[in-house]
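Structure first, commentary second.
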Amino acid sequence: MPTTRYVNPDESIDKTQTNPPQVAVKTFVDNVCKQVIERHLVRGLPNAFEPETVIMLEEDDLRRIAAEPASNAERRKELQGLLESLNGSLEDLQK
């Protein structure tokens, strides 16, 4: 797990003022990375679930994409049972 190094704000400002070319290069690289991600990955997402696209998917792929994990379904079933039990107890206490 990477450790986070906390930097004094004054130290950070000093570093940016003493080495502007390095800051410019970092900003440039950050901007290029963002543009590439947006252009090639994010741009196609709105079309991913259009009806025409979904109809062409295999049933196994649809299940894999849309199904919830089995652990979530089991937990929900447990919680629904608990809720029913608690509601029954509440009704008994209100009588």
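The values are calculated or read from the model by the stated rules, or taken from the named source; none is laboratory data. On a predicted model such as this, the values are computed, not experimentally measured, just so you know. Cβ: placed from backbone, ideal geometry, glycine included. Neighbour counts: every protein chain shown.
Residue 34 meets each of the listed conditions (1) assigned to a helix (DSSP H, G or I); (2) loosely packed, with under 10 Cβ neighbours inside 10 Å; (3) not aromatic (Phe, Trp, Tyr) apart from (2).
When restricted to residues that are hydroxyl-bearing (Ser, Thr, Tyr), in a helix (DSSP H, G or I) and modelled with pLDDT under 80, the stretch 1-31 contains 3. Only one entry of 86, 62 meets the criterion of being surrounded by 10 or more Cβ atoms within 10 Å (Cβ to Cβ) and at pLDDT 90 or above, and that entry is 86.
If I ask for residues that are part of a helix (DSSP H, G or I) and surrounded by 10 or more Cβ atoms within 10 Å (Cβ to Cβ), which ones from the stretch 67-77 would you list? 72, 73, 74, 75, 76, 77 - these are the residues of the stretch 67-77 that are part of a helix (DSSP H, G or I) and surrounded by 10 or more Cβ atoms within 10 Å (Cβ to Cβ). Evaluated against (1) exposed (fewer than 10 other Cβ atoms within 10 Å of the Cβ); (2) in contact with a helix residue (DSSP H, G or I) (Cβ under 8 Å, 6 or more places away or on another chain); (3) not small (Gly, Ala, Ser), residue 53 falls short on exactly one condition, (1).
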